[in-house]
Amino acid sequence: MKLFRAVLFCMTSAAIAHASVTHTSFGTLPSGAAVEIYTLKSPAVEIRVMTYGARVVSLATKDRDGKMGDVVLGYANIEGYLGDTKTYFGSVPGRYANRIALGKFTLDGKQYQIPINNAPNALHGGPDGFASRNWTAKEIPNGVEFTLISPDGDQGFPGKMTAHVRYTLEGSTVRIVYSATSDKPTVVNLTNHSYFNLGGEASGTILNEKLTLDADQYTPIDATSIPLGQLAPVAGTPFDFTKPESVGARIGADDVQLKNGSGYDHNLVLRGKSGELRPAAKVYDATSGRVLSVETTEPGVQFYSGNFLDGTLTGISGVKYVQHSGLCLETQHFPDSPNRPNFPSTELKPGQTYHSETTWTFTTEK
Ligand code: GLA
């Protein structure tokens, strides 16, 4: 029986194709702190993630001919990341990813103010959020666990928070598991802000990539990108990606919501039960044949079409990132939830553990 189990275990592990994990230095921060970069490698995928911002730096996958290519936007060195406070390339924004209206919210009768860094709102946890922190790293089976301790009052948020982000690679699937605890009631919303370009990071825009979103509703926004409050049907609007549609097909439509976001920069309400890992999005690039399938436990996904890239940033392979060079699928709780009792709650109480999981699976199609 024991032997049978051992054989079965070996067969299953071989089928999953475990990843090799190595790490090296990725430079130092102005403070002198060392930045480490971890490479997780399987036959199908090679992903590099670093301690600074718990960021994905590069992610190589196979095209339909088996040729590897880097499918996320990023920089060649730490200086690139330090010189860019706007894009959040590959990072884990926090403590509250996305926007909080005017940076204000009330919890248990007390008002809190997060510094404004996207006037008039707070974005991605304020000007010195989790994306610009040097996390500590620990190797785990098939990957790495990053840990950050955020002190009580950090960027205005109450409670000392301990946050963990685990990246693991199993075959062609990258799994990201987020967890957090706090010693006082607080709010939390973590995501990954990678910009995907399945044609390759230097291949131009994502406007021809075909997107499917498992969402029948979205949260329309005002001119400052704060949700108006209601969940609106996507049917009959440029936000209907329930069937595969190219990102660029309707991006220029005369639509007030697209104008408010300067393109797509909206939260889609995912079907199914929040807390259960279920399909969220699929992207297909006809040129390379690459397919990305996203699953998540989160109730929403911010679909951002790289509207604010403007050709001034030079990427990892020396190519300038023009508008729409990449798209983000930020699995998340809805924007401004701390001020929206009708949205799924982002409160975290002492004794509770926040848990969130997202997977990216890479395949190819003809
Ligand atoms: C998020 C926001 C966008 C933009 C990017 C970073 O996706 O929703 O408006 O700020 O981050 O540029």
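Our estimate of slack between THR242 and ARG271, defined as 0.36 nm per intervening residue step minus the Cα-Cα distance, is 9.4 nm. Does the chain classify as rounded, prolate or oblate by the C-alpha gyration tensor (a ≥ b ≥ c root eigenvalues; a/c under 1.5 gives rounded; else a/b over b/c gives prolate, otherwise oblate)? It comes out rounded by the Cα gyration axes. Rounded to the nearest 20, the Cβ-based charge dipole of the range 20-364 about its Cα centre (Lys and Arg +1, Asp and Glu -1) stands at 240 debye.
Ordering of 340-351, 204-215, 147-158 by packing is 204-215, 147-158, 340-351, highest average first (other Cβ atoms within 10 Å, averaged per residue).
Once you sort the root eigenvalues of the Cα gyration tensor of the range 162-223 as a ≥ b ≥ c, which label holds: rounded (a/c under 1.5), prolate (a/b larger than b/c) or oblate (the other case)? Note, shape of the range 162-223 comes out oblate.
What net charge do the residues around VAL49 carry, taking every other residue with its C-beta under 13 Å from that of VAL49, with Lys and Arg at +1 and Asp and Glu at -1? Could the numbers behind the result be given before it?
Numbers: positive: LYS41, ARG48, ARG55, LYS138, ARG166, ARG175; negative: GLU36, GLU46, GLU139, GLU145.
Computed value for this residue: +2.
Candidate cross-link partners of LYS62 among the lysines, defined by an alpha-carbon separation under 26 Å and a same-chain spacing of 8 or more, comprise LYS41, LYS210, LYS243, LYS282, LYS320, LYS366.
Pulled fully out, how much extra length does the chain show between ASN342 and LEU207, if you take 0.36 nm times their separation in residues and subtract their Cα-Cα distance?
Values: separation 135, 0.36 × 135 = 48.60 nm, distance 3.37 nm.
Here the segment from ASN342 to LEU207 would lengthen by 45.2 nm.
Over all other residues within a Cβ to Cβ distance under 9 Å of PRO244, the charged ones net out to +2, with Lys and Arg as +1 and Asp and Glu as -1.
Counting charges near TYR304 (Lys, Arg +1; Asp, Glu -1) among other residues having Cβ under 10 Å from its Cβ returns a value of -2.
If R0 is 56 Å, what FRET efficiency do you get for LEU228 and SER20 from their C-beta distance, rounded to 0.05? Each step should come with its number before you reach the end.
Details: r = 48 Å, r/R0 = 0.85.
My answer for the efficiency is 0.70.
Taking N as the number of residues in the range 282-366, what value does Rg over Cα atoms divided by 2.2 N^0.38 Å take?
Numbers: Rg = 17.1 Å, N = 85, 2.2 N^0.38 = 11.9 Å.
After normalising by residue count via 2.2 N^0.38 Å, the value is 1.44.
Shown is the FRET efficiency for LYS349 and ASP216, computed with R0 = 30 Å from the Cβ-Cβ distance and rounded to the nearest 0.05: 0.45. A simple rule links phi to the HN-Hα coupling: the Karplus curve 6.51 cos²θ - 1.76 cosθ + 1.60 with θ = phi - 60°, which for the range 160-176 gives 7, 10, 10, 10, 10, 10, 10, 9, 10, 10, 10, x, 9, 10, 9, 10, 10 Hz, with x for Gly and Pro. In order along the range 190-195, the phi-based Karplus estimate (6.51 cos²θ - 1.76 cosθ + 1.60, θ = phi - 60°) of 3J(HN,Hα) comes to 10, 8, 10, 10, 5, 9 Hz; Gly and Pro are listed as x. With θ taken as phi - 60° and the Karplus curve 6.51 cos²θ - 1.76 cosθ + 1.60 applied, the whole-hertz 3J(HN,Hα) list for the range 248-254 is x, 4, 10, 5, x, 4, 7 Hz, x standing for glycine and proline.
All of the numbers you see were taken from the coordinates with simple rules; none came from a lab. Model, not experiment: these values are computed from the prediction. As a convention, Cβ positions derive from the backbone with ideal geometry for all residues, glycine included, and neighbour counts pool all protein chains shown.
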